[in-house]
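Here the structure comes first, spelled out in structure tokens, and everything after it is commentary.
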Amino acid sequence: MSTAPVLTFFNNKGGVGKTSLVYHVSWMLSELGHTVLVADLDPQANLTAAFLSEQGLEKLWDEPVGKQGKTIFQCVERLAGVGDIRDPRLLRVTDELYFLAGDLALSGFEDLLSAEWPNCLGSQNLYRPFRVITSFWQVIQSGARRCRAEFVLVDVGPSLGAVNRSALIATDYVVVPLAADLFSRQGLRNLGPTLRRWRSDWKKRRGNWEAPEFALPEGFMLPIGYLIQQHGVRLSRPVEAYDRWVRRMPAEYSASVLDIPPPRSAPSDPREDANAIATVKHYRSLVPLAQDAGKPIFALAPADGAIGSHAASARDAFHDFKELTEEIVRRVNREVLLRRPARA
């Protein structure tokens, strides 16, 4: 069965602009003509709040659930009883951009995911534990088939819990957003070993079910690079601290995430590091305008208040996110080709 590649933006350190990146990259993918499905698997549902107004959120969460689930939690909630997965009801943002909403109630699914994880190594009744553990992937791929998505982008919370473990099992490729600080360095030191452990543990479980009754994700969780936020403050001391930490990220990413000792000649500038997808500028003055307009910063028009220097910044943002997104597409397509079986 053909499946859409799933790309998750993940760092267990919060405050690195992860949700904003998913939002803007998904919009840019659609601008570039790709059909994309975005899924909010963060129990805080910040990405959902970016796509919907307050009235839209109230309607989403308060209306009775039908045959289809309007949020990721509504799609999987029946697994806590005797029911099965609901197909997702997607929000069509544009002709090329579709969205599967998040839900604050998703945090309540954590206990079930934790309980069923060891049961995947059992010797009988494997249908239910695997159905629960792979439920996010089942829902995402159902949605991707429905909208014929070329790419699936996933936003997750900054944790290493059971919800994120199942989200990463559903993931083919991982992008790591970073800030240039001590906390991001520590985040990398947690993230790398966790991804390797989850990948190994899932491989054991997947191999334990010799004749699965439904499709299972591969769970590649392959890191394809990192994005680093540029510092926006121009006072000398913060800039010095930024430079000090940013120079450490290429070697730290290589050692912690890729498990490859960096060579002595490893670059100290992310712009020279093959693992760096891009450095991301701050567009602080555009953020309030974009939030009010309900659109990405690079789509702001004079009618939204983007005039003068704001209009120039919006044009710069379009160029930056276009370049960043095209690089992500190149990296994903390269890995897809590498994994494609050779013809006989």
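The values are calculated or read from the model by the stated rules, or taken from the named source; none is laboratory data. Treat the numbers as computed from the prediction; the structure is a model and nothing was measured. In this analysis, Cβ positions are derived from the backbone assuming ideal geometry, glycine residues included, and neighbour counts consider all displayed protein chains. Side chains are part of the model used for accessible areas, which takes the heavy atoms of the whole protein and leaves out ligands, DNA and RNA. Shrake-Rupley method; radii C 1.70, N 1.55, O 1.52, S 1.80 Å.
Quick rundown of the values:
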quantity: Entries of Lys18/Lys67; Lys70/Lys295; Lys70/Lys204; Lys18/Lys295; Lys18/Lys70 with Cα pairs more than 26 Å apart; calculated: Lys18/Lys67; Lys70/Lys204
quantity: Amide hydrogen neighbours beyond the local backbone of Leu222, cut-off 5 Å, H modeled; calculated: Tyr173, Val174
quantity: Integer Hz, Karplus 6.51/-1.76/1.60 couplings in order for segment 120-129, x for Gly and Pro; calculated: 5, 9, x, 10, 7, 6, 7, 4, 5, x
quantity: Under the Karplus curve 6.51 cos²θ - 1.76 cosθ + 1.60, θ = phi - 60°, whole-Hz ³J(HN,Hα) for segment 75-90, x wherever Gly or Pro sits; calculated: 6, 10, 4, 5, 5, 6, x, 10, x, 10, 6, 8, 5, x, 9, 8
quantity: Packing-based ranking, highest mean first, of 39-51, 271-283, 66-78 given that Cβ atoms within 10 Å are counted; calculated: 39-51, 66-78, 271-283
quantity: Burial ranking of peptide ranges 97-104, 9-16 (average Cβ count within 10 Å, highest at the top); calculated: 97-104, 9-16
quantity: Length-normalised contact order for the chain - Cα pairs under 8 Å, 6+ apart - percent; calculated: 20 percent
quantity: Surface accessible to a 1.4 Å probe, per residue, for the residues of the chain, Å²; calculated: 48 Å²
quantity: Under-5 Å amide H pairs with His282, H placed in peptide plane, nonlocal only; calculated: Gln230
quantity: DSSP-defined antiparallel bridges as percent of all bridges, the chain, nearest 5; calculated: 5 percent
quantity: Under-5 Å amide H pairs with Ala306, H placed in peptide plane, nonlocal only; calculated: Ala301
quantity: Relative packing of peptides 312-318, 140-146, 153-159 - highest average C-beta neighbours within 10 Å first; calculated: 153-159, 140-146, 312-318
quantity: Local electrostatic count at Leu300 - Lys and Arg +1, Asp and Glu -1, tallied over other residues with Cβ under 11 Å; calculated: 0
quantity: ³J(HN,Hα), Karplus 6.51/-1.76/1.60, whole Hz, each residue of segment 149-160, x for Gly, Pro; calculated: 5, 7, 9, 10, 10, 10, 9, 10, x, x, 9, 10
quantity: Surface share of carbon and sulfur [accessible, 1.4 angstrom probe, percent] for the chain; calculated: 49 percent
quantity: Local electrostatic count, Arg197, Cβ distance below 12 Å [Lys/Arg +1, Asp/Glu -1]; calculated: +3
quantity: DSSP beta bridge pairing in segment 1-150, given as percent antiparallel to the nearest 5; calculated: 25 percent
